[in-house]
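Structure record follows, encoded as structure tokens.
Nothing in this text is a laboratory measurement; each read-out follows from the coordinates by a stated rule. None of these values were measured; they are calculated from a predicted model. Note that each Cβ is placed from the backbone with ideal geometry, even for glycine, and that neighbours are counted across all protein chains shown.
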Amino acid sequence: MKRLTTIFAIILAGLTANAEVPTESFTRVMNPVYAKKYSESPIQVDAVFYKLGLPKFYRIPPFMKEGYCIFQCTRIDGKESELNTLNGEAYGEVFLIEESRKAEIEALTKGTRLTFTGKTKLYANPLAFGQEEVYFIVESIAPINK
């Protein structure tokens, strides 16, 4: 029953999403060069759910220590990242959703294709000499039925 309720919530969120929100490519949205453009107003991006949580040994930025459910996604036509040389683990891009909506993400399985509406958040990682990392903060989710 819980899973059915969650699926219904995802579909309802997709139906009520603002149709005026532009769609952009996953690669462009998650690229630090372009991501700032998507931090002020919502954007839609198609992605594939990869898994819950962060990659191993990933340092959690201060802005997301509380209040978010963290998960990873990949491009629709692509695959997860190259292997991380420190731990040998493949990983996706980091997406965040409010902790109160965690059940929506926990109901997903690896490979589920979704359209996310949200904004990017850039973080200059001091351990990477200020290199900017991109996070996608999800406002709504809709399944892709293709």
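General remarks:
- Extension gain for residue 65-residue 131 works out to 21.8 nm (0.36 nm per residue, less the C-alpha to C-alpha distance).
- Highest to lowest packing among 59-71, 34-46, scored as the average C-beta count within 10 Å: 34-46, 59-71
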